[in-house]
Structure formats: C-alpha cells, structure tokens
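Written below as structure tokens is the structure these notes are about.
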Amino acid sequence: MGGEIAVTGIGLVTPGGVGVGPTWRAVCDAGSTAARDPALAGLPVDISCAVPGFDGDALLGRRLARRLDPVTQLGLVAAREALAMAGLPAGDWDPARVGVLVGAGGSSLAGVTEAHRRLLACRPETISPTALPRSLPSACATEIAHDLGVTGPAFATVAGCASGLLAARVALGLLRSGDLDVAVVGGAESLRHPLTVAGFAQLGTLSRHAGEPTAACRPFDADRAGLVVAEGAGVLVLERPGYARARRAPVLAWLTGCGAAGENHHPTTPHPDGEGAERATRAALADAGWRPADIGHVNAHGAATVVNDATEARWLARTLPHRPPVTATKGALGHAGAGSGAIEAAVTVLALRERLIPPTANLDRLDPDFDLDVVAKAPRPAPESPGALTVSSAFGGQNAALLLRCA
Amino acid sequence: MYELLATLLTDEFGIEADVVTPDATFRDLELDSLSLTELAVIVTERTGLLVDDVDLDSTLASAAERYATASASA
C-alpha cells in the first residue's frame, strides 16, 4: 500500500462542452456527440466528436493561442479550470515542488502538417518557428507549467491511449516519495486530424455503422462497429494529503492506487484475455490495499471496437466477479486518445461525488456474450461501495488502471 | 511596410492597436525572440523580403525602414 493522494481539482474540455458542468450533463444525457466533420471530408470515415464552440483566442488571448496547437489550447483551458477549482496557486507554494504531467499519444499534427506542406512546396523559409515546439508531445505539459509559473518537472507520458492514466501513475509516485507537493496531471489529444483518421481507417478500427453519426459509437452493444475519433482534455490536480490538509483544500476524491502493465502480444490488438488490463487492475488493487469487491463501479476503456470490448468484457467478468456496474464514457464523447483516460478519470471523480453512474450512450442491446452489468439509457445511483476503477488500454499492449474513492 | 507590420501585430499577435505606434519597440509590445522570428517569417511569406538585423529593440518605424531598404535593393 502506497498511501492515498488527494484530488482537489478537475478540469474538462470535451465534445460535451467547455468545462466540467457541460461535460457532466452531456455524459448523463445518454446521447452521443458524434457528427459529420467538415475537416474530414472526403475520407472513408468522416465523423468525429468535436469540442463545440471552442474559441482559443477568446479563452487564452490571441497572443498566446496563436503559438499553440489546438490540443494544447484544450489542455491549458482544462488545467486553468482544475487549478481554479483547487484554489491554486496558493500564495505560499513552492513552484519547484509542483509538477505537470500530461499524457499525449504522439506529436500534435496540426502545425507540423502545415509546415510539411510548405516544405513540399520548396518554401522552407516560410515555415513558422513555432512549428517544432508546438508539435512536441510535451507541449501541453510545458505550456501549463509556464502558464502556472511552476518550475517542477513538466513532461509528457507517451503510451498511446494509456498515456493519460500513466501520467497519474507516475505522479502518484512523485507525490508519495515527497518529491512534489502538487501534481497537475492529465491527458490532451485530438484524433480529429485527416492523417490520424486515414491511419485508423486503414487499421479498420473506425466505426462505419450504417445509421446516423450519433449511433456510430456503441460501447458493449451487440451492433458496435468501431471507434469514433474525438478531441478533448482532462486535468486533475493531485496533492500530498498533508499539503492539502495544511492549506485546507477541498478534497473531491482520493486516488488510492494505480497500476500499469504491458502484454507482449501484438502491435495493435489486445491480448484476447485482456491479460495486461487485468494485471494493471490487480496491481492497482494491491497498491491501494483493496479487494476486488471494493470496486463499486467501473469506467471502462469501452472503445466500441469489436475486439476491444469483447476483450474487456472477458477480463472484467473474470477479475470482478461481483459484477459492479460498468459505464463507457466514449459512447457519448468518442475517443480522444490520451485525452480520454484523463477525461474518464475526471468523470469517475464526478460520479463518486454525485453518487451517480452516467449511462453508456447507444447501448440498446448488450452483446449477449458479455457477462457485464452495463449502465444504459439513464444515470444509475451508485452502489454503497465508495470505490471506483477506471482503466485505459493502448496500442502496443500498454494498460493503466486507477482506483478512486469518495472523499 | 509600416502598415503591414502594424496590421500583423494587431490581427495576428493580438496586440492592442493603441500601443502599436512607430516609436514602439518590439520589446515594448512584449514580443519575445520566438514571436519576433515568427513575425519576420510572415513578412517574408507576404513580401518575399528577408531582413536579418531587426531585433527586439528595433522600433516599428526602423524595422519598416529596414524592410523598405531591402525592397529597394531587391
């Protein structure tokens, strides 16, 4: 057992809206945010979940926003919301003992593809000097640190869709060891780029569901047909318990344990038994000193691909035989890569606080092969057990699991 | 050329129009080395002109003059 860490702030910028409130309402609404995306016109699949009405110039100022790729803007706005909720920065904090760890699946493509266009046109002298820094996987972490004026470690964790939860895993260690007082952790990513979508289409992982775009992303449903790309960012403020107590910070939830595990199986397909996700979850349970029955609900990876959900259903049923209710946020918000892990962690904090498990959008008929209790159609009151699990599984077989409990 | 610089500073960099004056230096406008390089790249893209001796302490008027000279010699 490693000791609990306080969650004192959360911030969300998602296809549900800009902010925690709009996102929570969107996931509880049981509808999907997927729509045809003009940015993807002409591609084999042209639907996505986009953040509605996001205006980086208005939220961050033109001077700052112009040198940031959109994904960094999303992360920065989410971080500001999370820190405001936490009541930070506090007057007497030591900026060197505040870290920023933000997961990213890879480089941001928006600015770098424009630079590449100019390179192909033999006009390298017109490439923006911001092209390289804005595309770094660490751009979001370092911009948040800069915005906040902190000087502790600021870096990206990079392991595909597990990146967001891995940031929390690493931060947990840095807080428990006493290296940091505060860690701003999260994930930010946009998969809503033509190059990304073309690549996913070639892998066959995108939903080509014949119905309306809003019906395309169907986690755990018998008619699920693949994932829907999204963009978004989630940020959590984590603090050493002693530090949070000393400054009388409001504690939203407790982060009790984390686990991570690989699989050594396949570059893009999970182990059929979900072996890595199960080990990550068991490692998190051991870290927290919990039994499986302490998990009162699960915010699943729920990517809505045929293979992911079947794998996940198998390992969840095996690992959690008490059948806690399961929800999949991607039904409403789509798949924002590294952003999703952090968004789902923040949604899990909200579910614990509100004692309400959001439904899984588009779950009309549970796959009959799945022995799972998946919340559908409407939010469900949370069970007595105060704990929750959220889990992410990535290309490359990396898995991360995080356990939270009510404050 | 001054008009181009002033327009870029207000429209692209979001600087308030009332502080963009011929006597202001780039440092006065709180540009840093990265944003000044970015401005120069945009000017090059729009005009084809390359100037390498404008720095943060140049005034907008002197920078405009420098580009105008580059134009004349091109």
### Task
Output the residues belonging to segment A:125-147 that are of a type outside the set (D, E), open to solvent by 30 Å² or more (accessible area, probe 1.4 Å) and touching a helix residue (DSSP H, G or I) at 6+ places or on another chain (Cβ under 7 Å).
A:I127, A:S128, A:P129, A:P133, A:R134
### Task
Filter segment A:138-191 down to residues that are assigned to a loop (DSSP other than H, G, I, E, B) and touching a Leu at 6+ places or on another chain (Cβ under 7 Å), then give me how many there are.
3
### Message
Condition first: among the acidic types (D, E), within 30 Å of A:R380 (Cα to Cα) and away from chain B (no Cβ under 14 Å). Can you find one or more residues in segment A:36-49 that meet it?
### Response
no
### Query
Do we find that A:V170 is open to solvent by less than 30 Å² (accessible area, probe 1.4 Å), more than 14 Å from every other protein chain (Cβ to nearest Cβ) and either of a type in the set (A, V, I, L, M, F, W, C) or closer than 30 Å to B:S33 by Cβ (or both) in this structure?
no
### Task
With the condition kept exactly as written, say whether any residue in segment A:68-88 is on the phi > 0 side of the Ramachandran plot, within 14 Å of chain B (Cβ to nearest Cβ) and either among the hydroxyl-bearing types (S, T, Y) or open to solvent by less than 70 Å² (accessible area, probe 1.4 Å) (or both).
no
### Query
If you take just the helices (runs of 4 or more DSSP H) that sit entirely in chain B, which of them hold at least 1 residues that are away from chain A (no Cβ under 14 Å) and touching a strand residue (DSSP E or B) at 6+ places or on another chain (Cβ under 7 Å)?
none
### Odd one out for B:D52 among (1) open to solvent by 60 Å² or more (accessible area, probe 1.4 Å); (2) closer than 27 Å to A:L132 by Cβ; (3) in contact with a helix residue (DSSP H, G or I) (Cβ under 8 Å, 6 or more places away or on another chain); (4) modelled with pLDDT under 90
(3)
### Query
For segment A:318-361, what are the residues that are acidic (D, E), out of contact with any Gly (no Cβ under 8 Å at 6 or more places or on another chain) and either open to solvent by less than 10 Å² (accessible area, probe 1.4 Å) or outside any helix (DSSP H, G or I) (or both)?
none
### Query
Which one is nearest to A:T205 (Cα to Cα) among residues in segment A:50-62 that are open to solvent by less than 50 Å² (accessible area, probe 1.4 Å) and within 14 Å of another protein chain (Cβ to nearest Cβ)?
A:G56
### Task
Please specify each residue of segment A:1-22 satisfying the condition of being in contact with a Gly (Cβ under 9 Å, 6 or more places away or on another chain) and modelled with pLDDT under 95.
A:M1, A:G2
### Out of B:T25, B:T37, B:T47, B:T7, sole residue that is open to solvent by 40 Å² or more (accessible area, probe 1.4 Å) and touching a residue at least 24 places away in the same chain (Cβ under 8 Å)
B:T47
### Task
Might you check whether a residue that is of a type in the set (K, R) and away from every other protein chain (no Cβ under 14 Å) occurs anywhere in segment A:127-135?
no
### Message
Please verify whether A:E125 is of a type in the set (D, E, K, R) and free of Cβ contacts under 8 Å to residues at least 12 places away in the same chain, treating the condition exactly as stated.
### Response
yes
### Query
In segment A:244-281, which residue that is charged (D, E, K, R) and over 30 Å from A:M85 (Cα atoms) is most open to solvent (accessible area, probe 1.4 Å)?
A:R279
### A:A244 being more than 24 Å from A:N308 (Cβ to Cβ), over 20 Å from the mean Cα position of the chain (by Cα) and modelled with pLDDT of 95 or more
yes
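The values are calculated or read from the model by the stated rules, or taken from the named source; none is laboratory data. The structure presented is a predicted model; accordingly, all values stated were derived computationally and were not measured. We place every Cβ from the backbone using ideal geometry, glycine too, and count neighbours over all the protein chains shown. Ligands, DNA and RNA are stripped out before the accessible areas are found, and what is left, the full protein with its side chains, is counted by its heavy atoms. Shrake-Rupley method; radii C 1.70, N 1.55, O 1.52, S 1.80 Å.
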